[in-house]
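Take a look at the structure below.
What follows is calculated from the coordinates using simple rules that are stated; it is not laboratory data. Fair warning: this is a prediction, and the values are worked out from it, not measured in the lab. Note that we place each Cβ from the backbone using ideal geometry, even for glycine, and neighbour counts take in every protein chain shown.
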């Protein structure tokens, strides 16, 4: 079965199951199915732009769906799930065992859908003579050791990028000097624009598809090539977070993205997850600069020039 048919059958099956359930359920004030109703989805703000693109197409297709995106740092996004402020989250990690047990105690089995691979980009001003960097250099500054990096800036102290690099460096806290957490990805771009020797840590989607207000800033910024730790894939050269390098596993700072659905029922969260993981959603991912979880097929028509129709 080819990719298109499989994803089409998946969405049809989900919709059909929802309709069967709704037919046997007493009518409510507001219908909730996989393609209709109202829901909040909390999103890790480091890759918020790509989810906004997905939502625009989804709601343009399914007019009775009303989804509100709440962009938050990862730590706060998880709290939204645990506090029942949102039942669906878009994250760069799956749930921990403790988090799974929390939902299981409420008779909810979270459904997790992987939909893309993201690259955490290291950016600097184009006037900076450096165009490459090693993971060792990043770890040294995070560990408070001497490093060629003078200033490293993150989007938020509670962000997924901070968590990932702290885990990589085996540190619990950021050092007091040389490493700073701002308030957003937009602030990182502006900071790097204004401070030529600073290095920013940002989701690659913010550089591939910048907000119109950030376009002039990004024109003066470049993405650094990264060399991995010795003995790991990508230690033979400097690689940028391109789709090809992400697919080959050459880029050191790659991470998978997930939709975590804790609705506990066949609702709008399930429909949105199926859409993002389906053909249209994966094409949107491909266009964004991230690596789709399933590469959409390309149809090539070969014409016989000698054949007369």
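For residue 180 and residue 40 in one chain, what is 0.36 nm times their gap in residues minus the Cα-Cα distance, to one decimal in nm?
Taking residue 180 through residue 40 to full extension adds about 47.3 nm, to one decimal.
What is the Cα coordinate range of region 169-298 on the first, second and third principal axes, sorted by size from largest, in whole angstrom?
The Cα atoms of region 169-298 stretch 49, 37, 35 Å along the principal axes, largest first.
Using a simple spin-label model with points 7 Å from Cα along the Cα→Cβ vector, what separation in nm is obtained for residue 265 and residue 295?
Distance between label points: 4.1 nm.
Compute the angle between helix 185-194 and the longest alpha-carbon principal axis of the chain, please, reported from 0 to 90 degrees and rounded to the nearest 10.
Result, in degrees: 30.
Relative to the longest principal Cα axis of the chain, at what angle does helix 268-277 sit, 0 to 90 degrees, rounded to 10?
60
With r as the distance between the Cβ atoms of residue 79 and residue 229 and R0 = 45 Å, compute the FRET efficiency 1/(1 + (r/R0)^6) and round to 0.05.
0.90
For region 123-254, what is the relative contact order in percent, using Cα pairs closer than 8 Å and at least 6 residues apart in sequence?
Value for region 123-254: 31 percent.
Under the definition of Cα pairs under 8 Å and six or more residues apart, what whole-number percent is the relative contact order of the chain?
It comes to 27 percent, rounded to a whole number.
With a 10 Å Cβ neighbour count serving as the proxy for reagent exposure, in which order, fewest first, do 33, 46 appear?
Ranking 33, 46 by Cβ neighbours within 10 Å, fewest first, gives 33, 46.
With each pseudo-label sitting 7 Å past Cα toward Cβ, what's the residue 172-residue 61 distance in nm, one decimal?
About 4.6 nm separates the two model spin labels.
Got a sec? How would 109, 133, 123 order by Cβ neighbour count within 10 Å, fewest to most?
109, 133, 123
Kindly work out what percent of the DSSP beta bridges joining two residues of region 123-254 are antiparallel, to the nearest 5.
35
Going out from 0 in 10 Å bins, what whole percent of all Cα-Cα distances in the chain drops into each bin?
In order of increasing distance, the bins hold 6, 24, 31, 22, 12, 4, 1, 0 percent.
Take peptides 52-65, 221-234, 198-211, 254-267 and line them up by average Cβ neighbours within 10 Å, highest first, as a rough protection proxy.
198-211, 254-267, 221-234, 52-65
If you take every DSSP beta bridge whose two residues both sit in the chain, what share of them, in percent to the nearest 5, is antiparallel?
Around 55 percent of the beta bridges assigned by DSSP in the chain are antiparallel ones.
What angle, in degrees between 0 and 90 and rounded to the nearest 10, separates the Cα long axis of helix 160-169 from the longest principal axis of the Cα atoms of the chain?
50
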